[in-house]
Amino acid sequence: MLASLLSTKSIRVMLLILTLLASCTALYFAKPFLAPAVFALVIGVVVSPLADLFNRYGVPRVLVALALLAFATLLLTALLFSIDPLISTLTNQLPRLKLEIRGWITGIADTLRGLEDIGEEIEQTVSGENSDDDSNSAKLPTMMDALWIAPNFGGQVLIFVGTLFLFVLTRNDLYASADRQCERLFRAERAVARYFAAVTIVNIGLGVATAAALAVIGLSNAWLWGLVAALLNFIPYLGPLIVIFGLAIAGLMQLGGAAAIVPPLTFLALNVTEGQFVTPLFVGRQLQLNPLVVFLAIIFGLWLWGPIGAIVALPVLLWCSKMLVVPSNNADKGV
């Protein structure tokens, strides 16, 4: 009898593992159409309070869907174009960064005896033989160039636009068709929307503080860095690390010497203050998830679907947690 139970449990565990592996494989290969569709659904959930507001004033749902689609599309396009100059500037400074690194390696090689040959090999690996002229003369592509030449980009945009429009248009009908799950769907949607509203306010404040601090330090494009800091802060852990790395490069290129560490340290101080004091105060109990689970979800999303996966990982996780957990009578209070 015991052997039979163990055998049954083993079979269930193996089936669960195989199901998870098959699901991950399917999600990975379905990235070209699932990633933009899920991203559109997340955007639709976030703007759902606006759709409800317009509906209460008697605006036709078709006009509401078109208006929110146009607003979301224009906002995303504006954000991409706004940060493009910053990314292009950093990209065009890569040859100078290579020269700086080569200078460091040369200095270390001159200081430490017996490491000259190793220093030369590393120097050639970093800078490349006879590549300075070519790298300075070559025109590096901008972010928008990379987007437009990306394979299937037009199809993914179409999937995003169609999913967002149809979700906003038929959202109430979709929820109503779920019958007993309708209330849970609305509750999970409200949780995600309210969380994003609170986090957006916090991130705007962080962006403004970052821009002001970098302007005082004397870093160029301070307002662009503030915008990037606000956007990437929607991705916990990974987003701030990217900003710190970028500011370290910008500090090295523009300030040089020991002053190069001032911009990343300044943002690190602001980010720690925001994460430890401001976000808990504004967000409160809206994100009742274990930090380890959040981190692993973001890493999994990044591996699965790239940057889009990292962005949608947290809202999808929050949505699922609200759908799966049966609330008490007062569960919605404070969500």
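Residue by residue through the range 185-213, note down the ones that are over 30 Å from Pro32 (Cβ atoms) and charged (D, E, K, R). Once the filter is applied, which keeps residues that are over 30 Å from Pro32 (Cβ atoms) and charged (D, E, K, R), the range 185-213 yields Arg187, Arg190, Arg194. Under the condition of being over 21 Å from Ile261 (Cβ atoms), assigned to a helix (DSSP H, G or I) and among the aliphatic types (A, V, I, L, M), the residues counted in the range 194-237 number 10. Would the range 219-232 turn up any residue that is modelled with pLDDT under 85, closer than 25 Å to Leu318 by Cβ and among the hydroxyl-bearing types (Ser, Thr, Tyr)? Within the range 219-232, not a single residue is modelled with pLDDT under 85, closer than 25 Å to Leu318 by Cβ and among the hydroxyl-bearing types (Ser, Thr, Tyr). The set of residues in the range 289-316 that are in a helix (DSSP H, G or I) and under 19 Å from Ala191 (Cβ atoms) comprises Pro291, Val293, Val294, Ala297, Ile298, Gly301, Ile311, Val312, Ala313, Leu314, Pro315, Val316. Pairs meeting the criteria (first residue in the range 168-183 and under 14 Å from Ala51 (Cα atoms), second residue not in a helix (DSSP H, G or I) and not charged (D, E, K, R), beta carbons under 9 Å, at least 6 apart or on different chains) are Val168/Val47.
Per the listing Ile249, Ile298, the residue uniquely under 21 Å from Ala197 (Cα atoms), of a type in the set (Val, Ile, Thr) and surrounded by 16 or more Cβ atoms within 10 Å (Cβ to Cβ) is Ile298.
Scanning the range 240-282 for residues that are closer than 17 Å to Val228 by Cα and in contact (Cβ under 8 Å) with a residue 60 or more places away in the chain turns up Gly246, Ile249, Ala250, Leu270, Asn271, Glu274. Restricting attention to the range 294-324, the residues being closer than 23 Å to Gln181 by Cβ, modelled with pLDDT of 80 or more and hydrophobic (A, V, I, L, M, F, W, C) number 9. Whether a residue is within 25 Å of the chain's Cα centre (by Cα), under 23 Å from Arg187 (Cα atoms) and part of a helix (DSSP H, G or I) was assessed, and Leu20 does not pass this test.
The values are calculated or read from the model by the stated rules, or taken from the named source; none is laboratory data. Predicted model, so just to flag it, every value in this text is computed and none were measured. All Cβ positions, glycine included, derive from the backbone under ideal geometry; neighbour counts span all protein chains shown.
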